[in-house]
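Encoded as structure tokens, the structure appears first; notes follow it.
The values are calculated or read from the model by the stated rules, or taken from the named source; none is laboratory data. Model, not experiment: these values are computed from the prediction. Glycine gets a Cβ as well: all are built from the backbone with ideal geometry, and neighbour counts include every protein chain shown. With ligands, DNA and RNA removed, areas are computed over all heavy atoms of the protein, side chains included. Shrake-Rupley method; radii C 1.70, N 1.55, O 1.52, S 1.80 Å.
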Amino acid sequence: TKRVGAETVTACSCNDGFYGELGGSCTQCPVGSYCTGGVQMECPFYTTSALQSSAQTDCTCSPGYFGPNGGECVICRRGNYCPGGTSATACPSGQTTSGFGKTSSSDCYTPSGGGPGSCVAGTWDDGGTCRDCPVGSYCPGGGGSSPQPCPAN
């Protein structure tokens, strides 16, 4: 029980990391969820957890995503890879990825031609590093070395 003076078996609840009916048998909390007070809850979207997790903060972002433990995970941006967890890792200088949600450094590559001016569309060359094109501008890729401003309203 979690309190003093329990009078019946129904006052007995599962320990954190387990779920089940009051006074009944308890089951280990499965992967992808967390259990507290005998209740099983699913981890938020794009997160997972280890067996027998007991708090929402035990839910970590799945590979291809990053964000705070137990919180909202966002897809990994182009030019980065996310093995899962709280942060994205930038590809080495001069490299990018073919899109979003990449999970490993092996997803990074040097665009054909290599060197300045070889970034893919949607990115720009910042001294040999391909970076995402900023809001309010466009980046056609290839020879352009800086973002182009969007036309005025």
Q | Heavy atoms of VAL120: accessible area, 1.4 Å probe, square angstrom to 10 | A | 40 Å²
(Q) With a 1.4 Å probe and all protein chains left in place, how much of the accessible area of the stretch 62-111 comes from carbon and sulfur atoms, in whole percent? (A) 49 percent
Q: For LEU51, tell me the accessible area in Å² from a 1.4 Å probe, rounded to the nearest 10.
A: 100 Å²
**Q.** Charge dipole of the stretch 1-110 about the Cα centre (unit charges at C-beta), most positive-ward option of GLY20, SER62, THR97
**A.** THR97
**Q.** Extension reserve of the SER106-GLN52 stretch, reckoned as 0.36 nm per residue once the Cα distance is removed
**A.** 16.2 nm
Q. Check GLY84: other-chain or 5+ apart residues with amide H under 5 Å from its amide H, H built from backbone geometry?
A. GLY64, TYR65
(Q) Spelling out what I want: for every residue of the stretch 96-102, take phi, set θ = phi - 60°, compute 6.51 cos²θ - 1.76 cosθ + 1.60 (Karplus), and round to whole Hz; glycine and proline get x. (A) 9, 10, 7, x, 9, x, 6
Q) Near the amide H of ASP126, under 5 Å away, which other amide H atoms are found, from residues 5 or more places off or on another chain, if H is placed in the peptide plane? A) ARG131
Q: Would you kindly derive the ³J(HN,Hα) couplings of the stretch 25-37 from the backbone phi angles with the Karplus curve 6.51 cos²θ - 1.76 cosθ + 1.60 (θ = phi - 60°), listing them in order in whole Hz, with x for Gly and Pro?
A: 6, 10, 10, 4, 5, x, 4, x, 8, 9, 10, 9, x
